[in-house]
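Written out below as structure tokens is the structure these notes cover.
Every read-out reported here was derived from the displayed coordinates using simple, explicitly stated rules and does not represent laboratory data. Just so it is clear, the model here is predicted, and its values are computed rather than measured. Quick reminder, even Gly has a Cβ in these numbers, built from the backbone with ideal geometry, and neighbours come from all protein chains shown.
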Amino acid sequence: MMELTSLSNTFWASPQIFETDLADLAKDGYTDVNGYRPDDEHPEETSSVRIAQACDVHGLSFHYHPIVPGEPFEDQAKALTELMSKPNIKICAYCRSGARATKTFTQACLIV
């Protein structure tokens with residue numbers, strides 16, 4: 001089961017999600033999924049390709065903006081700022097623990 005942390009009325013951060021989580025996200029009104037975890041970070045985790053395919057099945061938009069721990073993430077924050085400006089959006093963003101998703105949201109809020 002996902003552990004979603006609400007950071008605003010349009011953005012939730014989560015640790016790694018799985019294909020089986022996407023039906024619940026769609027049912028709960030999410031429109032977009034942001035993946036911040038690089039595919040090669042841990043070989044046993046679900047790849048961004050599989051998450052994207054499952055998002056497509058459930059009518060969710062998928063955005064893959066991997067963040068390598070310790071590296072700058074300004075581009076990812078700018079992309080999130082643009083996405084958050086869209087009307088009627090509800091975003092679930094994930095990484096290994098949810099920390100990069102949270103930090104990207106915080107950085108995006110500073111850009112606005």
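I'd like the FRET efficiency for D24 and S47, computed as 1/(1 + (r/R0)^6) with the beta carbon distance as r and R0 of 30 Å, rounded to 0.05. Here the calculated transfer efficiency is 0.90.
Evaluate the Kirkwood expression for the hydrodynamic radius of the chain, namely the inverse of the mean inverse distance over all pairs of different C-alpha atoms, and round to one decimal in Å. Hydrodynamic radius (Kirkwood, Cα only) of the chain equals 13.7 Å. Extension gain for the segment E3 to K86, taken as residue separation times 0.36 nm less the Cα-Cα distance, is 27.4 nm to one decimal. Note that the range 45-60 has calculated 3J(HN,Hα) couplings of 7, 5, 6, 4, 5, 5, 5, 4, 5, 5, 4, 4, 4, 9, x, 9 Hz, one per residue in order, obtained from phi through the Karplus relation 6.51 cos²θ - 1.76 cosθ + 1.60 (θ = phi - 60°); glycine and proline are x. Hey, got a sec? Which chymotrypsin sites (Phe, Trp or Tyr not before Pro) in the range 61-108 land in a DSSP loop and have at most 15 other Cβ atoms within 10 Å? Those that pass, being in a loop and sparsely packed, number zero.
Positive contributions from Lys and Arg (+1) and negative ones from Asp and Glu (-1), summed over other residues with Cβ under 12 Å from the Cβ of P69, come out at +2.
Each part reduced to its alpha carbon centroid, the range 67-112 and the range 36-65 end up 16 Å apart. Using just its DSSP H runs of length 4 or more, each adding -39500 (n - 2.57), the chain gives a mean residue ellipticity at 222 nm of -10500 deg cm²/dmol after division by all residues.
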